[in-house]
């Protein structure tokens, strides 16, 4: 498509309508750019954050039994220790998305990694359960912030189709992080490391991949779309040339003043367009259902397997349980890899419906296995659940960010992640309590309802948006 260039000397940079028109023209060009090596590199650097979150989230699942021995927490305290990071991530997702739209992507993703490294190490030095709860709440803030910012970066720096596949790889990365956590913690357990030291080192080790990722990200540029929406035209032209070999000649060679995005306008814009509205509502429902679905059962899977006697030796050694769990998550990781590849074939609706449908069936099967002490059925149910979950959780964040206007992409990602983390906090906190009241089988059947809701939302609410390119017609008043 040919784009007319403009003589910057003839452009009135004080006319908001003219500047907005040029900004929208440049936005359309960038959103339809083909992929490049540089943009793919940036996408992988953003999605790699999931490895760190997966380590932090799942490492504690494997050491809960040791934390319980050291601190003797109540069921509510144990639930808070596991759920606190979700509560912090809820706040971080919302604030991080807003800050990223105001101040740019790079400042936020550098700051969040530094904060995470400090807090991850601090976990090793807590003296009681309440200190652990507090640190884990605080560590969730940079995690949530980085996810919302990272999704905006992916949607702004990669081509259509490719950005959707990259965004949907978060479950693949999550699976890798979980497998790494399982293997490393199992090795520490097998070599006979003191259990009080083991859980502290396991939680602090999350700082290592975070430091590596921080180093790799230092050279990443700000996205041209983020610069564009904040009026930094000179830098936007420079970065666009670097990423896409396009200097955006339609823009003047000077920075301009553009109104800051207002949070109140975000929902107005989303609600004004039927596709944006339905896709966003689905993403919120999907994120909530899959978040609670995993943390209420998949997160506690090691504990469920131990208490059910799966893989536990006669002398109480849980190495076998860890190996069974590792195999389940290896299968889940494969599922997370396959899900993005299926998008061109069955679309977002197909991936979501198959995912939630399989998760529902797996939870029902797992609940029956627990109820009747059928150990092999528990494992089979867990495998089906994890395959389905890694599909149903793959595209909620992608959809919420993809359909939002560029000036609100990080905000939209943050809002979407709030539903993941709010539901995850609820699931992690409530599942131990439900298990005490109704038994693990009853609690598992309750979680299956969430998977069914997600399936129905995919079937009746989600419009097919694979390949969607966002456009926004701004009112004259804006």
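Please state which one of 433, 377 is free of Cβ contacts under 8 Å to residues at least 40 places away in the same chain and either within 21 Å of residue 301 (Cβ to Cβ) or in contact with a strand residue (DSSP E or B) (Cβ under 8 Å, 6 or more places away or on another chain) (or both).
Of the residues listed, the single one that is free of Cβ contacts under 8 Å to residues at least 40 places away in the same chain and either within 21 Å of residue 301 (Cβ to Cβ) or in contact with a strand residue (DSSP E or B) (Cβ under 8 Å, 6 or more places away or on another chain) (or both) is 377.
Output the residues belonging to the stretch 92-108 that are at negative phi and over 14 Å from the mean Cα position of the chain (by Cα).
Correct list: 95, 98, 99, 100, 101, 102, 103, 105, 106, 107, 108.
Residue by residue through the stretch 257-268, note down the ones that are touching a residue at least 24 places away in the same chain (Cβ under 8 Å) and either out of contact with any helix residue (DSSP H, G or I) (no Cβ under 9 Å at 6 or more places or on another chain) or surrounded by fewer than 20 Cβ atoms within 10 Å (Cβ to Cβ) (or both).
257, 258, 259, 260, 263, 265
What single numbered condition from (1) more than 20 Å from the chain's Cα centre (by Cα); (2) crowded, with 21+ Cβ neighbours inside 10 Å fails to hold for residue 356?
Every listed condition holds for residue 356 apart from (1).
Among (1) at pLDDT 85 or above; (2) closer than 30 Å to residue 418 by Cβ, which single condition is residue 225 missing?
Condition not satisfied by residue 225: (1).
Quick check, is residue 5 modelled with pLDDT under 80 and either out of contact with any helix residue (DSSP H, G or I) (no Cβ under 8 Å at 6 or more places or on another chain) or part of a helix (DSSP H, G or I) (or both)?
So residue 5 passes the test.
For residue 90, are the conditions met, namely being surrounded by 22 or more Cβ atoms within 10 Å (Cβ to Cβ), more than 30 Å from residue 257 (Cβ to Cβ) and at pLDDT below 80?
Answer is no for this residue.
Does at least one position in the stretch 384-405 carry a residue that is touching a helix residue (DSSP H, G or I) at 6+ places or on another chain (Cβ under 8 Å), on the phi < 0 side of the Ramachandran plot and either surrounded by fewer than 21 Cβ atoms within 10 Å (Cβ to Cβ) or free of Cβ contacts under 8 Å to residues at least 12 places away in the same chain (or both)?
Yes; the residues of the stretch 384-405 include at least one that is touching a helix residue (DSSP H, G or I) at 6+ places or on another chain (Cβ under 8 Å), on the phi < 0 side of the Ramachandran plot and either surrounded by fewer than 21 Cβ atoms within 10 Å (Cβ to Cβ) or free of Cβ contacts under 8 Å to residues at least 12 places away in the same chain (or both).
Quick one: would you say residue 147 is modelled with pLDDT under 90, in contact with a helix residue (DSSP H, G or I) (Cβ under 6 Å, 6 or more places away or on another chain), more than 30 Å from residue 404 (Cβ to Cβ) and in a helix (DSSP H, G or I)?
It is false that residue 147 is modelled with pLDDT under 90, in contact with a helix residue (DSSP H, G or I) (Cβ under 6 Å, 6 or more places away or on another chain), more than 30 Å from residue 404 (Cβ to Cβ) and in a helix (DSSP H, G or I).
Name the residues in the stretch 166-215 that are within 30 Å of residue 28 (Cβ to Cβ), modelled with pLDDT of 85 or more and assigned to a helix (DSSP H, G or I), would you?
166
Being buried (at least 17 other Cβ atoms within 10 Å of the Cβ) and more than 17 Å from residue 53 (Cα to Cα) is the filter here; which residues of the stretch 209-221 pass it?
Passing the criteria: 220, 221.
Inspect the stretch 222-243 for any residue being over 25 Å from residue 146 (Cα atoms), touching a residue at least 40 places away in the same chain (Cβ under 8 Å) and surrounded by 19 or more Cβ atoms within 10 Å (Cβ to Cβ) and give the result as yes or no.
no
Sort through 378, 364, 370, 433 and tell me the only one that's at pLDDT 90 or above, part of a helix (DSSP H, G or I) and either surrounded by fewer than 24 Cβ atoms within 10 Å (Cβ to Cβ) or touching a helix residue (DSSP H, G or I) at 6+ places or on another chain (Cβ under 8 Å) (or both).
364
Quick one: how many residues across the stretch 180-208 are under 22 Å from the mean Cα position of the chain (by Cα) and crowded, with 20+ Cβ neighbours inside 10 Å?
7
Within the stretch 14-21, can one find any residue that is at pLDDT below 80, surrounded by 19 or more Cβ atoms within 10 Å (Cβ to Cβ) and under 20 Å from the mean Cα position of the chain (by Cα)?
Looking for residues that are at pLDDT below 80, surrounded by 19 or more Cβ atoms within 10 Å (Cβ to Cβ) and under 20 Å from the mean Cα position of the chain (by Cα), one finds none in the stretch 14-21, hence no.
Taking the stated definitions as given, is residue 60 under 22 Å from residue 292 (Cα atoms) and surrounded by 22 or more Cβ atoms within 10 Å (Cβ to Cβ)?
Considered against the rule, which asks whether it is under 22 Å from residue 292 (Cα atoms) and surrounded by 22 or more Cβ atoms within 10 Å (Cβ to Cβ), residue 60 comes out as yes.
The values are calculated or read from the model by the stated rules, or taken from the named source; none is laboratory data. Nothing here was measured: the structure is a model prediction, and the numbers come from that model. Every residue, glycine among them, receives a Cβ derived from its backbone with ideal geometry; neighbour counts consider all protein chains shown.
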